[in-house]
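**Student:** Structure provided below as structure tokens; questions to follow.
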Number of protein chains: 2
Amino acid sequence: MAIETPLRCKQCSLYFESDNFCAQLSPIELVNLNRESRSAKLKRGDSFSDESLAQWPVVAVESGVLSLQHIMQDGRKTIAALFMRGDIIDLRSISDRKRGNLIALGKARVCRLSPSIFEKVVKANPDAHQVIWDNLREQTFRAIEHSVDLAKKQALEKLASFIFECRHHEGANDKSSSIVSIPIRRLDLAEYIGMQPETVSRCFRELESKGIIELETLTTIVIKNIPALRRIANGDRSVEENVKLENPDMKIISFA
Amino acid sequence: MAIETPLRCKQCSLYFESDNFCAQLSPIELVNLNRESRSAKLKRGDSFSDESLAQWPVVAVESGVLSLQHIMQDGRKTIAALFMRGDIIDLRSISDRKRGNLIALGKARVCRLSPSIFEKVVKANPDAHQVIWDNLREQTFRAIEHSVDLAKKQALEKLASFIFECRHHEGANDKSSSIVSIPIRRLDLAEYIGMQPETVSRCFRELESKGIIELETLTTIVIKNIPALRRIANGDRSVEENVKLENPDMKIISFA
DNA sequence: AATGTAATATGATCTATATCAATCATTGTT
DNA sequence: AACAATGATTGATATAGATCATATTACATT
């Protein structure tokens, strides 16, 4: 009798997209992994308890955005990392040093993978190994690049950089795509790029007033001038002046 | 005829410390990897050319400190990550998006590993695989924790946090060790924690004036009050006041 | 040891962004 | 659909840390 791919996996986007982990697995591997795993629907604010993470330290993100949050002793909160579809969060054996709370920033679907079966599959399946390895390195360099944004960039530059990060996450391929959706709330965005929500708001306004972006809705923006936004994100301070000259935001007052 | 561990490896600390990658390898594996690899001595400022990294994208750090630097278009420089002994820097196939320059911050020894042999060994040797996987995850979480420091912490808190990072790197085990060596220059330190060298200097003085640390030399400090430094690093703002009260920095002026 | 150069420290200002205060908009709930 | 409740915006002010200027110290080279 032929081994059937589990129904749950058949319905999961991680199985369909060829560059994801689960798409590399054979039906037998999927059956084994699926049997010992737990999928879950999360809503904003849902967090994984320490006990849950001790038992299920490997989490695959199917959809939505998860975050790793840090709360300082006087209440300041930071979102240290974002995880999106395709990311495999591997929190094994790092519980010793407390590394933060894993919290959903909106509706999300995840699959908590059995660590032992996961490990077995990774060792046996070279393609799966490759995918998981690349994903972890991607996470590393994403974190390092985020550090660059946080270290020396100004508010406007950080926001520009974040917009490209969002753009990269979704369309990924489509070079000319200028519609970007911001998948998280302003407050979370502020906590991620290390500024205050008020400043985030002001920076959105500033980019808009310079004609570089347009705010369609709270979560959807259109980039009107990709090169200019890119230059700001890369920290070319001269641009800001130039753009201002190109688009002087003076209004013609009607005469009596 | 028995296979001899290569001389070069016998003299390398990565081979002696049991938790390092090379210590997991069999003599045969070492011979193969060693034959196709290149070790190098670096001095401060030495950087890996793009061509070098294209051919040798896997670098093992034997001693010293390497950095991943980002230069913005207007000249602002950021040190995005630090790598120290035992770290394996894997820059394979990420040359597409430019990820920064790998530069030594002082005298350092590295071993550039042949990517193909490295890959072969990792797949064949489970112990080596475990070590390299743990190291990569360690790098990821180090970067994420660094983001926490950069995002919301104040100057003094960032410096305190960095001191613990240094302490963790060297002694690692010795809980009570209060002597910490700062392995990089003030300027590099400033670029790593995202502040100006002047501010770094002022913060060292402030910690000293509060009696929390003592500056032995430029590169050696003694922590006089570990819990207080820890609380500052964790962002407990109330501490700063308390310490001030406990150690009023007034000097008794000698009377005539 | 002497000398020149680079790194660090200190003091005086300035500015970007945090903070505070008050509306305005959006979302979820009954 | 109406109502809270939560989130986002806007304006006024305060401040931590950047920047600029200068002095001091450490380090390398002869």
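Results for (1) more than 21 Å from A:S116 (Cβ to Cβ); (2) basic (K, R); (3) over 16 Å from the mean Cα position of the chain (by Cα); (4) not assigned by TED's automatic domain parsing to the domain that holds A:I163, shown as yes or no for each residue.
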{"residue": "A:D19", "(1), (2), (3), (4)": "yes, no, yes, yes"}
{"residue": "A:N32", "(1), (2), (3), (4)": "no, no, yes, yes"}
{"residue": "A:R35", "(1), (2), (3), (4)": "no, yes, yes, yes"}
{"residue": "A:S47", "(1), (2), (3), (4)": "yes, no, yes, yes"}
{"residue": "A:L68", "(1), (2), (3), (4)": "yes, no, no, yes"}
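**Student:** Right, B:E157: at pLDDT 95 or above, of a type in the set (D, E, K, R) and not assigned by TED's automatic domain parsing to the domain that holds B:L25 or not?
**Tutor:** Judged against the criteria, B:E157 is a match.
**Student:** Among B:V243, B:V239, which is the only one that is more than 30 Å from A:E145 (Cβ to Cβ), within 14 Å of chain A (Cβ to nearest Cβ) and at pLDDT below 95?
**Tutor:** Residue meeting the stated conditions: B:V239.
**Student:** Could you please find all residues in the stretch B:120-146 being more than 8 Å from chain A (Cβ to nearest Cβ) and more than 16 Å from A:V122 (Cα to Cα)?
**Tutor:** B:N135, B:E138, B:R142
**Student:** For residues in the stretch A:204-234 being of a type outside the set (A, V, I, L, M, F, W, C) and surrounded by 20 or more Cβ atoms within 10 Å (Cβ to Cβ), which is nearest to the chain's Cα centre (by Cα)?
**Tutor:** Per the criteria, the residue is A:R231.
**Student:** Okay, moving on. If you go through the stretch A:191-223 one residue at a time, how many are more than 7 Å from DNA strand D (Cβ to nearest atom), of a type outside the set (D, E, K, R) and away from every other protein chain (no Cβ under 14 Å)?
**Tutor:** So the answer is 12.
**Student:** If you check B:L53, B:L102, which single one turns out to be under 24 Å from A:D134 (Cβ atoms) and part of a strand (DSSP E or B)?
**Tutor:** B:L102
**Student:** When only residues in the stretch B:153-171 that are under 18 Å from A:K153 (Cβ atoms) and crowded, with 20+ Cβ neighbours inside 10 Å count, which is farthest from the other protein chains (Cβ to nearest Cβ)?
**Tutor:** Among those residues, the one meeting the criterion is B:K158.
**Student:** Here's another thing I want to ask about it. Please work out if A:L33 is in contact with a strand residue (DSSP E or B) (Cβ under 6 Å, 6 or more places away or on another chain) and assigned to a helix (DSSP H, G or I).
**Tutor:** The answer is no for A:L33.
**Student:** Among the residues of the stretch B:118-126, is any among the small types (G, A, S) and either surrounded by 19 or more Cβ atoms within 10 Å (Cβ to Cβ) or in contact (Cβ under 8 Å) with a residue 24 or more places away in the chain (or both)?
**Tutor:** yes
**Student:** Can I ask one more? Specify which of the listed residues (B:D149, B:D188) is more than 12 Å from DNA strand C (Cβ to nearest atom), within 14 Å of chain A (Cβ to nearest Cβ) and in contact with a Ser or Thr (Cβ under 8 Å, 6 or more places away or on another chain).
**Tutor:** Of the residues listed, the single one that is more than 12 Å from DNA strand C (Cβ to nearest atom), within 14 Å of chain A (Cβ to nearest Cβ) and in contact with a Ser or Thr (Cβ under 8 Å, 6 or more places away or on another chain) is B:D149.
**Student:** A further question follows. State whether the residues of the stretch B:37-58 include one that is under 21 Å from B:C166 (Cα atoms), at the interface with another protein chain (Cβ under 9 Å from one of its Cβ atoms) and not small (G, A, S).
**Tutor:** no
**Student:** Which fully enclosed helices (runs of 4 or more DSSP H) of the stretch A:155-238 have 1 or more residues being more than 24 Å from A:L105 (Cα to Cα)?
**Tutor:** Of the helices (runs of 4 or more DSSP H) lying wholly inside the stretch A:155-238, those with at least 1 residues that are more than 24 Å from A:L105 (Cα to Cα) span A:197-209, A:226-233.
The values are calculated or read from the model by the stated rules, or taken from the named source; none is laboratory data. The structure presented is a predicted model; accordingly, all values stated were derived computationally and were not measured. Quick reminder, even Gly has a Cβ in these numbers, built from the backbone with ideal geometry, and neighbours come from all protein chains shown.
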